[in-house]
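**Q** Can you keep this structure in mind? I'll have questions shortly.
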Amino acid sequence: MSGFLKVIIDVASTPAILVALIAVLGLALQKKHFSDIIRGGIKTFVGFLVVTAGAGVIQTSLEPFGKMFQHAFHVTGVVPNNEAIVAVALTTFGTKTALIMLLGMAFNILIARITRYKYIYLTGHATLYMACMLAVIVTSIDMNNVLAILFGGLALGLANTIFPAIAQPFTRKITQNDNIALGHTGDFGYAVSGLVGQLTSRRSKKVRSTEEINFPKGLAFLRDSTVSITITMGVFYILVALFAGQAYVTKLGGGTNYIVYALQQAGSFAAGVFVILAGVRLILAEIVPAFKGISERLVPNSKPALDCPIVFPYAPNAVLIGFLSSFVGGIVSLGLMILMGTTVVIPGVVPHFFCGATAGVYGNASGGVRGAVLGSFTQGIIISFMPIFLLPIMSGIGFSGSTFSDTDYGVTGILLGNVSKVAGSWGFIATLILILAIMLLLTWRGKKSKVASEK
């Protein structure tokens with residue numbers, strides 16, 4: 001890979017830089033003053049770094065929780081991990097991944113321009129991971145390199161346009177406007193959570209939000225999300241530490257008392273959530289008005305599709321409820337897999353947090369507390385079983401012990417991977433052309449209906 005191409009990929013796959021550049025472009029297209037452009041770009045850049053730092057704190061605190069859980073309950077199997085499989089795959093498919101990613105971003109903008117689905121996917125690392133999976137699939141069917149990159153890019157552009165659109169009806173309910181979209185590889189699961197929330201609320205006259213949970217006067221302090229998250233996670237960490245055993249946890253904590261270590265990790269988890277919420281507020285204050293320039297000039301009425309923590313501030317209680325419910329869904333799924341004798345997928349704490357927490361917010365938006373619980377629980381089951389069906393596609397190229405975790409990888413990989421196995425490269429290409437044709441047809445019908453209604 002050339003040095004210039006590597007720089008371009010590094011920029012495109014770094015959300016803080018990518019979104020800062022988008023903010024600068026949007027403000028420049030609005031002909032804002034130079035000082036406003038610099039301020040907007042820097043504040044967006046810093047905001048994403050704050051979110052990234054918070055996510056890093058959460059991942060660091062959840063890693064020992066996962067180790068303690070596996071040790072305590074003696075479970076072994078596949079742990080779906082996007083970062084792990086991508087790190088391995090890039091050593092073989094790095095150049096193809098990079099070119100598919102760049103072409104996919106271009107196709108995303110083009111598709112948003114010519115169809116009714118006006119979503120510009122700005123989550124760079126998620127785009128990189130999806131491009132990597134597509135590079136693996138197109139390589140498995142021995143497609144000509146030029147066609148592989150061209151249609152791999154088209155597949156990525158379609159995925160990055162369609163998945164935010166699937167979740168958008170519920171995103172609008174969460175944000176109470178249509179200014180932003182969700183660009184994360186769990187969009188399919190979040191839409192499912194929103195649908196489950198709708199089903200749970202149909203017979204209810206009044207839907208109570210997770211943010212309206214009434215605490216007794218003596219427990220009013222639990223209304224503070226930082227306090228409630230710290231206490232709840234403290235209880236969970238201590239319970240798992242007790243099951244894992246003092247000797248193991250003390251060793252894991254580098255000699256720190258095992259109860260103290262568990263409390264430290266629980267506090268770090270809450271601190272990470274607090275930092276994420278602060279960063280998201282900073283980003284939203286800058287990126288939405290800045291994106292107006294792109295929406296008006298390059299892709300009319302377009303919306304930025306941003307990473308999943310963007311919805312956390314709208315329902316902080318649902319974040320915690322969603323994570324715990326999704327993790328329970330993972331544990332239930334683990335038990336079912338053992339009983340059925342299938343490949344065992346160990347609940348990955350990090351995907352169950354980020355995907356489960358987001359699913360909780362979506363379930364809450366349509367179904368309140370019950371929607372948050374049942375929606376994220378359902379999503380937890382989906383991200384537990386989907387990797388089983390994706391694993392054969394990855395193992396065909398030599399990745400037998402690892403696979404992707406989030407729902408959008410599963411939907412894309414299972415569909416295109418199986419089509420490729422049955423119908424080869426032309427089946428892969430035909431499927432993409434058919435999907436694009438359907439999007440164009442729906443766009444045309446939408447315009448025709450709009451013209452008819454205006455007459």
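**Q** Calculate for the chain the 222 nm mean residue ellipticity that helices alone would give, adding -39,500 (n - 2.57) per DSSP H run of length 4 or more and normalising by residue count, nearest 500 deg cm²/dmol.
**A** Values: 13 runs with 348 residues, N = 455.
Counting only the DSSP helices, I get -27500 deg cm²/dmol.
**Q** With a/c under 1.5 counting as rounded, go ahead and sort region 240-351 into rounded, prolate or oblate using the C-alpha gyration tensor (a ≥ b ≥ c being the square roots of the eigenvalues; past the cut-off, prolate if a/b is larger than b/c, else oblate).
**A** Oblate, because a/c is 1.5 or more while a/b does not exceed b/c.
**Q** Given a 1.4 angstrom probe, I'd like the percentage of the accessible area of the chain that is carbon and sulfur, rounded to a whole number.
**A** Details: 12830 of 19480 Å².
Of all accessible area on the chain, carbon and sulfur atoms account for 66 percent.
**Q** Sticking with this structure for a sec: If amide H atoms are built 1.01 Å from N in the plane of the peptide, which residues on other chains or at least 5 residues away come under 5 Å of the amide H of Leu182?
**A** Those lying under 5 Å, H to H, from Leu182 are Leu306.
**Q** How long is the gain from Lys173 to Thr91 if the chain were fully straight, where each residue apart is worth 0.36 nm and the alpha carbon distance is subtracted? Intermediate values should be presented prior to the final figure.
**A** On the way: separation 82, 0.36 × 82 = 29.52 nm, distance 4.16 nm.
The Lys173-Thr91 span can extend by a further 25.4 nm.
**Q** A further question follows. How big is D, in µm² s⁻¹, for region 78-200 by Stokes-Einstein at 25 °C and 0.890 mPa s if Rh is the Kirkwood radius over C-alpha pairs?
**A** On the way: Rh = 15.3 Å.
Here the translational diffusion coefficient equals 161 µm²/s.
**Q** Please report the relative contact order for region 3-443, taking Cα pairs under 8 Å with a sequence separation of at least 6, and give it as a percent rounded to a whole number. Intermediate values should be presented prior to the final figure.
**A** Numbers: 798 pairs, mean separation 114.3, N = 441.
Over region 3-443, the number comes to 26 percent.
**Q** Give the residue from Ala271, Pro316, Leu99 lying farthest towards the positive end of the charge dipole for region 3-443; charges sit on Cβ (+1 for Lys and Arg, -1 for Asp and Glu) and the dipole is referred to the Cα centre.
**A** Result: Pro316.
**Q** A further question on this structure: Along the charge dipole of the chain, which of Leu147, Gly360, Gly255 sits closest to the positive end, that is, farthest toward it, with unit charges on the beta carbon of Lys, Arg, Asp and Glu (+1, +1, -1, -1)?
**A** Toward the positive end, the furthest listed residue is Gly360.
**Q** Please list, in chain and number order, the residues 5+ apart from Ile120 or on another chain whose amide H is under 5 Å from its amide H, with Hs placed from the backbone.
**A** Residues meeting the criterion, in which the H sits 1.01 Å from N, are Lys303, Ala305.
**Q** Right, something else. Checking a compactness column here: for region 297-379, what do you get for Rg(Cα) / (2.2 N^0.38 Å), N being the number of residues? Could the numbers behind the result be given before it?
**A** Values: Rg = 15.4 Å, N = 83, 2.2 N^0.38 = 11.8 Å.
Relative to the 2.2 N^0.38 Å estimate, region 297-379 comes out at 1.31.
**Q** Mind giving me the nanometre distance, one decimal, between the label points for Asn144 and Ala278, set 7 Å out from Cα along Cα→Cβ?
**A** Calculated label separation equals 5.5 nm.
**Q** Here are several values of Rg and Dmax of the Cα atoms in Å: (1) 24.5, 80; (2) 22.1, 76; (3) 30.1, 95. Which one was derived from the coordinates shown?
**A** Working out Rg and Dmax of the Cα atoms in Å from the coordinates points to (2).
**Q** Let me ask you something else. Taking 25 Å as R0, compute the FRET efficiency from the Cβ-Cβ separation of Val46 and Lys292 and round it to 0.05.
**A** Values: r = 21 Å, r/R0 = 0.82.
Efficiency, from the Cβ-Cβ distance: 0.75.
**Q** Let me ask you something else. Relative to the Cα centre, what is the charge dipole magnitude of region 213-321, using +1 at the beta carbon of each Lys and Arg, -1 at the beta carbon of each Asp and Glu, and rounding to the nearest 20 debye? Display every interim value, and only then the final one.
**A** Working: 7 positive and 4 negative charges, 19 e Å.
Its charge dipole is roughly 100 debye.
**Q** Turning to a different aspect of this structure: When the chain is fully extended, how far beyond the present Cα-Cα distance does His74 get from Asp10, taking 0.36 nm per residue of separation? The partial results should precede the final answer.
**A** Working: separation 64, 0.36 × 64 = 23.04 nm, distance 3.92 nm.
Contour length minus the Cα-Cα distance gives 19.1 nm.
**Q** Would you calculate the separation in nanometres between label points at Ser35 and Arg203, each defined as 7 Å from the Cα along the Cα-to-beta-carbon direction?
**A** Reported label-point gap for Ser35 and Arg203 is 6.2 nm.
**Q** Ok, one more. With every protein chain present, what is the per residue accessible area of the chain (1.4 Å probe, Å²)?
**A** Values: 19480 Å² over 455 residues.
Heavy-atom accessible area per residue stands at 43 Å².
**Q** Right, another one. Is there a pair in Lys118/Lys448; Lys118/Lys292; Lys173/Lys303; Lys67/Lys96 whose C-alpha atoms are over 24 Å apart, and which pairs would that be? Mind showing how you got there, number by number?
**A** On the way: Lys118/Lys448 18 Å; Lys118/Lys292 13 Å; Lys173/Lys303 16 Å; Lys67/Lys96 34 Å.
Pairs exceeding 24 Å: Lys67/Lys96.
The values are calculated or read from the model by the stated rules, or taken from the named source; none is laboratory data. Note that this is a predicted model, so its numbers are computed, not measured. FYI the Cβ positions are ideal-geometry reconstructions off the backbone, even for glycines, and counts take in every protein chain you see. Areas reflect the complete protein model, heavy atoms only, side chains present, ligands, DNA and RNA absent. Shrake-Rupley method; radii C 1.70, N 1.55, O 1.52, S 1.80 Å.
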